[in-house]
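The values are calculated or read from the model by the stated rules, or taken from the named source; none is laboratory data. In this text, all values refer to a predicted model and were calculated from it rather than measured experimentally. Quick reminder, even Gly has a Cβ in these numbers, built from the backbone with ideal geometry, and neighbours come from all protein chains shown.
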Amino acid sequence: MKTNFFCPKCQGYLSVADKVVFAIKKKGLDGGLLLLSPNLGEYTYEYHPSIELIEGEEIDFFCPMCGYDLTLEGVKKLARVKMQIDDKETFWVVFSKKKGERCTYKISDGGEKESFGEHSGLNIDILSINLLK
Ligand SMILES: [Zn+2]
């Protein structure tokens, strides 16, 4: 199975090698790069040692190519990207912007949800396909 992540705005690929690349900002950090695992439910973060990420703090995610803010419209604490499997089906992948909050949702174009992570119960109620665009 081949999985590709891409920006919903510029359609540029966020997948590089075996990681998904994001530009990030947070309080005290004007810009950095963060690599996440492409495997939903696997929470590994890789970033430059000069960056300090604290459990529970909120990180803003941006497309590293076009700078698009990946925050889910109307739900400040979640971010979203597009995912494509085997060059065919596309999904939305929604995840928490909080470091240490393990919840990820895969949502089909038809609105079917699949959740991942030990905290996935947290946001499931506020998630609706209507939010995604
Ligand atoms: Zn983009």
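Please go through (1) within 13 Å of the ligand (Cβ to nearest atom); (2) touching a residue at least 24 places away in the same chain (Cβ under 8 Å) for residue 3 and return the number of the only condition it doesn't satisfy.
(1)
Give 41, 110, 74 a once-over and let me know the one that is among the small types (Gly, Ala, Ser), away from the ligand (no atom under 16 Å from the Cβ), at pLDDT below 95 and touching a Gly at 6+ places or on another chain (Cβ under 9 Å).
Values: 110 fails: touching a Gly at 6+ places or on another chain (Cβ under 9 Å); 74 fails: touching a Gly at 6+ places or on another chain (Cβ under 9 Å).
Residue meeting the stated conditions: 41.
Of all the residues that make up region 2-14, how many are surrounded by fewer than 17 Cβ atoms within 10 Å (Cβ to Cβ), at negative phi and either of a type outside the set (D, E, K, R) or assigned to a strand (DSSP E or B) (or both)? Steps first, answer last, please.
Taking region 2-14 and keeping what is surrounded by fewer than 17 Cβ atoms within 10 Å (Cβ to Cβ), we get 2-4, 8-13.
Still in the running and at negative phi: 2-4, 8-10, 12-13.
Going one step further and asking which of them are either of a type outside the set (D, E, K, R) or assigned to a strand (DSSP E or B) (or both), we end up with 3-4, 8, 10, 12-13.
Result for region 2-14: 6.
Assess whether residue 93 counts as being under 20 Å from residue 7 (Cα atoms) and out of contact with any strand residue (DSSP E or B) (no Cβ under 8 Å at 6 or more places or on another chain).
Values: under 20 Å from residue 7 (Cα atoms): yes; out of contact with any strand residue (DSSP E or B) (no Cβ under 8 Å at 6 or more places or on another chain): no.
It is false that residue 93 is under 20 Å from residue 7 (Cα atoms) and out of contact with any strand residue (DSSP E or B) (no Cβ under 8 Å at 6 or more places or on another chain).
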